[in-house]
Protein chains: 2
Amino acid sequence: MEIRIQKIIEGLFCLEDLREVYRQALPTGLSDEEETAFGAKLAELEGIVTDIRNRTGHPRVTRIAGSIELRTREEQAINIQPIQAAGRLTPEARKALTVYGDGYSVCDACRKPFRLDKITKPPSAQFHEDLARFLNMDQARVVPGARRGFQAVTSALVEKGDTVLLSSLGHYTEYIAVEQVHGAVREIPANDRAIVTADAAAERLEACVRETGRPPVLVMCDHFDYQNANEHEVRGIAKIAHQYDVPFLYNGAYTVGVMPVDGKALGADFVVGSGHKSMASPAPSGVLAANDEYADRVFKTTTLEGDLTGRRFGIKEVQMLGCTLMGGNLVAMMASFPTVQERVTRWDEEVKKSNFFIDRLLGIEGSACVSEYPRKHALSKVDTTGSFDTVAKTHKRKGYFLSDELTRRGIVGQFAGATRQWKLSTYGLSWRRVEYLADAFDEIAEKNGLTVGR
Amino acid sequence: MEIRIQKIIEGLFCLEDLREVYRQALPTGLSDEEETAFGAKLAELEGIVTDIRNRTGHPRVTRIAGSIELRTREEQAINIQPIQAAGRLTPEARKALTVYGDGYSVCDACRKPFRLDKITKPPSAQFHEDLARFLNMDQARVVPGARRGFQAVTSALVEKGDTVLLSSLGHYTEYIAVEQVHGAVREIPANDRAIVTADAAAERLEACVRETGRPPVLVMCDHFDYQNANEHEVRGIAKIAHQYDVPFLYNGAYTVGVMPVDGKALGADFVVGSGHKSMASPAPSGVLAANDEYADRVFKTTTLEGDLTGRRFGIKEVQMLGCTLMGGNLVAMMASFPTVQERVTRWDEEVKKSNFFIDRLLGIEGSACVSEYPRKHALSKVDTTGSFDTVAKTHKRKGYFLSDELTRRGIVGQFAGATRQWKLSTYGLSWRRVEYLADAFDEIAEKNGLTVGR
């Protein structure tokens, strides 16, 4: 590891130790003993800064709490891991975690009516409004992951035995959110190009009515699915659902936070997004937005009364289980939000970079793109059975040769050992990094005797 | 603010900016332009370190992302906020957030069977085992908050209309976890000392059978409740529940992570704990543990099959919705865990400090302790209607005079404006800090003409 990266981490840790001295001290100031401890740590920090300046020193810290290795792949390498790319924190989010990491940190100024989305300091209330506006929906709540958004909607809408129609390429958590409330799942098949169309949805809706006597209670579809990141006909599917008076849940786990999402224009009754997948936020985090027609159901407040005490629970929302993201995760989402709002406007450029890389990969003879092409997303599934896998067949490291070669060039996140079908994301990489990435694949191909035609 | 605290925060932020330069760079090293940017930031860092050394400089950073104020109450003050005390992060947890904050950071080495509690690097699998052992339960999972633990259990066990018996002093999220699955709540009343007894539970169980024809499907009780932090007869209640073959959920939101909890000795079928409340962990985080008898139900794996595709979802657990705490929250829990394991052994000392403070407060004439006394917990509800509230009646700042006086002495977390009944926690304060706290209340009392007898 470049020693400066190591020393930056050590510097961060050393400052946390300095901070801890104050956390244990009296408000009146440090005792002599504490001052001594502080001085020793400060000297250590000065040494670290000198090491950063001079590129000197050796790694001194390699574990946290004895067992947890440092994670520096984002600093050391280009990370093309398909689900990590758009969840990487902004520096602002990291700063937010630094100062709001403590458990109930956002509750300092919680006042009546005691709900997370009403807190004004830090500006959680404003953020909730901004978030709804950002998605062009009427109301929004933060949730601990997109899956908890699906769960809230299925819990509010689906009774035992009810049917939910969903994309056959949907994320497993959509299926499980239905299973969790004892609903029945019916899939909308993808066509031979792995696209879920409005026509297919119409057919399946009709079949549902024919076979069960009534329409499903909910239709869900991913705008871009996690397998190929192909774009599905969400707008058309929403329209069909509405013809049957069925609400439509738009799964924006791969869109909200990376590309513009206009819930109303899409015909979405619910929009679900993932903080850790696409909003540069820590896990678990996410958003559930609803239009006014359904907000009352999914954000229904408690009506329960204690049978003896008559206790009631104010305006806590049943499906949210009251407050949701109480600490640093919320504030980090908020801290990344200005960047997120800006970056969605640059989505076209991200798609260009994606296509640039895929085109270069396709230039390596025998390579193919499994995802729809040209790409409309930064995440892609590729097939290198006809290129890198032919090398793997005779290589002593088998499929790992590719991961080895990539790692050697500072590229990580490709599924170790995979040389047939695998996924990557170019999201958030600068042009310089995308070019470096494409060059690296070319180099590895050439080195291993594959034909590269640009 | 003490300038060194401000500069420590600025140093942390500056290092995050330095780190960001590497995050945008090529793996081969910084470009000239990046080197220049790095150099400028490094000079800034050197200036900050000099300011820390010399106690010089002025605050330069006061907001994150333009709108989020810095939070430095833990560094600047003694925080007696009742629910924040045991959720404060350890330095190790803060370091974990620093390097594992990115969304899916724990998924780097996720391999078959693709589940969070099976990941070995970072050592999540080991942590899950250790956590179960720590609670003396058979299995444990991390969850996004204790409430998600209640929800998993009610979802697995409670059908529409089923009765759940719970403490009338229970946390609102227990009630809502029942409401969320359309269960009916029956309360176990507290006695006149605000204690929920096994006898009361027995009576209510009997009444339930008599009135509904069958026992409840679940009994829940907080070991220490959030209102008074009184100790309830959880062991006896578990025993009674078992006489009716009803499982018992032990709510350890105020115990797991601060005092020893032996699930088997308590007769718990489920143990729920809160990371951000009592395990020095970020929000949302928590633990749900189960014994073998019920683990199969609450941790049931998916059996759903796509009706067209036949897709299945491996060993993902339905009530967990697959993976739960995918990023820094999990790693921070892990990083705090050695400290947490050690600190529970020092619970007696925490109780001593709590009683020391309460005794001193009771020395201020007219003050009372609403919670059971002597205290068995660090959290207490006190009543100062006969002391500080008599001052508030004629003070121009009304009840805020007390908060003002406390703030002036570097004590925060008391509910602003409250001078009648209010709560505080002494958890984790050193003796020196507890003494300072008690002295401060005495001083404020004396200054305002109240009688202080030690």
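Listing for the model above:
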quantity	calculated
Per principal axis, descending, Cα span of region B:3-70 in whole Å	38, 29, 14
Cα-centred dipole magnitude for region B:142-200, charges only on beta-carbon of K, R (+1) and D, E (-1), debye, nearest 20	200 debye
Cα-only Debye scattering, region B:266-400: base-10 log of I(q)/I(0) at q = 0.11, 0.16, 0.17, 0.19 Å⁻¹	-0.69, -1.00, -1.05, -1.14
Net dipole in debye of region B:3-70 [+1 Lys, Arg Cβ; -1 Asp, Glu Cβ; about Cα centre; nearest 20]	460 debye
A:ILE195/A:THR120 FRET efficiency (R0 51 Å; Cβ-Cβ; nearest 0.05)	0.70
Principal axis box of region B:105-326, alpha-carbon based, largest edge first, Å	54, 43, 25
For region B:3-70, with +1 on Lys and Arg beta carbons and -1 on Asp and Glu, the positive-most of B:GLN24, B:GLY39, B:PHE13 along the dipole	B:PHE13
Copy-to-copy label separations for A:GLU35, where each label sits 7 Å from Cα toward Cβ, in nm and ascending	4.3
Nearest-0.05 FRET efficiency for B:ASN54 and B:ARG111, computed from C-beta distance (R0 45 Å)	0.30
Distance between modelled label sites at A:GLU69 and A:ASP130, nm, 7 Å Cα→Cβ extension	3.7 nm
Relative contact order (%) - chain B, alpha-carbon pairs under 8 angstrom, separation at least six	17 percent
Additional length obtainable on full extension of the chain from A:GLU35 to A:ARG432, 0.36 nm per residue less Cα span	138.2 nm
Rotational relation A to B, axis-closest Cβ in chain A, residue and distance rounded to whole Å	A:PRO144, 2
Of every Cα-Cα pair in region B:328-378, the percent that sits beyond 12 Å	70 percent
Nearest-first distances (nm) between copies at B:GLY363, label 7 Å from Cα via Cβ	8.1
Residue among B:SER425, B:HIS171, B:CYS107 farthest towards the positive dipole end of chain B, charges placed on Cβ	B:SER425
Magnitude of the charge dipole, chain A, Cβ model with Lys/Arg +1 and Asp/Glu -1, debye to 20	440 debye
Square roots of 5 times each gyration tensor eigenvalue, C-alpha, the protein assembly as shown, largest first, Å	45, 37, 23
Calculated FRET efficiency for the pair B:TYR244/B:ALA265, C-beta based, R₀ 22 Å, to 0.05	0.60
Convex hull (Cα only) mean projected area of chain B, reported in nm² to one decimal	27.5 nm²
Per-selection Kirkwood Rh - region B:346-447 (Cα, Å, 1 d.p.)	13.5 Å
Distance between modelled label sites at A:LYS160 and B:VAL61, nm, 7 Å Cα→Cβ extension	5.4 nm
Signed unit charges on C-beta, dipole axis of chain B, positive-most listed residue B:GLY314, B:THR407, B:MET326	B:THR407
Inter-copy label distances at A:GLU206 (7 Å, Cα→Cβ; nm, one decimal)	6.5
Gained length - A:ASP138 relative to A:ARG420, 0.36 nm times residue gap less alpha-carbon distance	97.1 nm
Mean separation of Cα contacts under 8 Å (6+ apart) over length of region A:380-454, as relative contact order %	34 percent
Length added when fully stretched, A:ARG311-A:ASP439, from 0.36 nm per residue minus Cα-Cα	39.5 nm
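Just so you know, all these numbers are worked out from the coordinates, no wet-lab data involved. Everything numeric here is computed off the predicted structure, so don't read it as measured data. As a convention, Cβ positions derive from the backbone with ideal geometry for all residues, glycine included, and neighbour counts pool all protein chains shown.
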